[in-house]
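Have a look at the structure below before the remarks.
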C-alpha cells in the first residue's frame, strides 16, 4: 500500500492538492476496474465520489484515550479520593490534534486501500509531527527501559512501606502500550512506500521552504517524492501589473526548477478558488508513483586505505555552520539547522571512536576509527 503525505507552507494549497491527488487516483482505479478504494485523510477536505474520507477527530480521540487511562487508574485514584471526570467535562489539550492525526495515519495503513493520501499540517508542524513517534519512543526507552520492569517484583514490599499500592506495574504496562502504538506509527512513516509531497506557491519564500523540507526529511530519512508548484499564472498578459507579477513568479519558479532533484509538477492558477471535482481534476498531478528513493545512510569501509570507517549521511541543503554532532554511548546526536535527531549507531561503528567529520555537497561524512580494544583481531 502506498501512502502520500502532502504538506507545504500555510496557504499554498496542500489540502486542495491532497484532494486532487486522491480523486485522480480513484478515477484511475475505477477505469482499471481494480476495485480497491482510495483513502483521503483530512480534517478539511470535502467528500468526493469514489474516495473514502477519514477525518481525524482530536476531541473525540482525546476524550476516549483520557477516559480509558482514567479507568485503568481507578484503583489508585479511589485511594486518593479523586473525583473522576465525565465525558461531557473534557476538552482537548494542546497536542491532541497531532496524536489524532498519527492514529489516523496508523489506521489508514491498516486498511485495504490501493493508496492513502494524507493532508498534513503546514510544513514546520508536519516535520515535527513525522519526527514525533521516534522521539517519544527514544524518551520512553531512556526513562523507562524494559529491563527495569524487574522492579515490579518489589511492588508488594514497597506498597507495605508506603501504605498505598505502588503503580510500578501499571506504569510499565502503560509504557508498553504506548511503545507498541508509537512503533506502529513510526513503521508507517518510515515505510519505503510512504513518501512526502511538497506543495509550494512560487514566491520569495518558496526556495527556502524547499530547502527546509529537504533537510528536515533527510534528517528523518524520509523520501520527498515530488514538488508541486501551485497557482502558476499564465505567462502572457497585456496588463502591465499582471505581467510584472507573473514575471516575478516565474523567476521564483525557475529557482525551484534548479533546486528540485526529483519530479516538479507545475499546476495552473484557475483564476478562482477550486470548485467541485471538475476543478480538482485540472489540479491533479500526472503521476503518484515514488520517484526519489529513501535516503541511504551507508557505511564505507576505508580501513585498508585510511584506517577508518566513514558513515555517509545525506543532508541536502545543510550548512556547515548549522551542523553539530555529539556521541552519546551508542547514539549519535545529529543537529542540522532547526532539526535534531538521536540516531542509533550501526553495530560496527559502536566499537569505534569518532575522529572527524566533513560536509561535501550535502553529504555529511563522519569518520570512525576502530577501537583496538573492542575490534576483532585479524590473524
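Computed from the coordinates by the stated procedures, all read-outs in this text should not be read as laboratory data. Please read all numbers here as calculations on a predicted model, not as lab measurements. When we count neighbours, we look across all protein chains shown, and the Cβ atoms used for this are built from the backbone with ideal geometry, even at glycine.
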What's the Cα-based Rg to Rh of the stretch 198-267, Rh via Kirkwood?
1.05
In a Debye calculation with equal point scatterers on the alpha-carbon sites of the chain and no solvent, what is log10 I(q)/I(0) at q = 0.07, 0.10, 0.14 Å⁻¹?
-0.43, -0.81, -1.23
Work out how far the C-alpha atoms of the stretch 295-379 reach from end to end along every principal axis, then list the three figures in whole Å, largest first.
46, 26, 21
Send over the semi-axes of the stretch 82-151's equivalent ellipsoid, whole angstrom and largest first, taken as the square roots of 5 times the C-alpha gyration tensor eigenvalues.
26, 22, 15
In nm, spacing of pseudo-spin labels at residue 110 and residue 190 (7 Å Cα→C-beta vector):
2.0 nm
Show me 13-19, 326-332 ranked by packing, highest mean number of other Cβ atoms within 10 Å first.
13-19, 326-332
Beta carbons within 10 angstrom, averaged per residue: use that to sort the peptides 126-134, 205-213, 47-55, highest first.
126-134, 205-213, 47-55
